[in-house]
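The values are calculated or read from the model by the stated rules, or taken from the named source; none is laboratory data. These numbers were taken from a predicted model, which means no experiment stands behind them. Every residue, glycine as well, gets a Cβ built from its backbone with ideal geometry; the counts of neighbours run over all protein chains shown.
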């Protein structure tokens, strides 16, 4: 069975065929490899963040369903209609507050994940700018 070729290796071989005066192709290839690594890391962070969000949403749904079930059981036990109305009002207020807290927590999780992924890409962009400065410096500067 033939091994699928590594596209990066194929690309590297292709670039090495071309000799451009004053351009260190191995440095160019290394820089692109680092770019790909940074993108891979950012994607990993984003994916893990998305998994954490889905897990949190599942926990929230499960907890909410348990709370609803417990509340319905309390309300169906009978009793004074005025007490039942008060309990319903309290249940609605608690539900709204819980929903707002959950939305805030999910938004914070998403923001953190996005910031971490962006930091990886930003760091690599800064490295690219520094590399470009170093390439453009004249000897003796």
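Worth pointing out:
- Whether a residue is over 30 Å from residue 133 (Cα atoms) and over 30 Å from the mean Cα position of the chain (by Cα) was assessed, and residue 54 does not pass this test.
- Residue within segment 79-98 that is closer than 30 Å to residue 31 by Cβ and assigned to a helix (DSSP H, G or I) present: no
- Of the residues 24, 35, the single one that is surrounded by 14 or more Cβ atoms within 10 Å (Cβ to Cβ) and closer than 30 Å to residue 135 by Cβ is 35.
- So residue 64, is it in a helix (DSSP H, G or I) and either at pLDDT 90 or above or surrounded by fewer than 11 Cβ atoms within 10 Å (Cβ to Cβ) (or both): no
- Odd one out for residue 45 among (1) under 26 Å from the mean Cα position of the chain (by Cα); (2) within 30 Å of residue 136 (Cβ to Cβ): (2)
- Evaluation of residue 93 against the conditions (1) under 25 Å from residue 32 (Cβ atoms); (2) at pLDDT 85 or above shows that the sole unmet condition is (1).
- Condition check for residue 79: at positive phi and either surrounded by 11 or more Cβ atoms within 10 Å (Cβ to Cβ) or modelled with pLDDT of 80 or more (or both): yes
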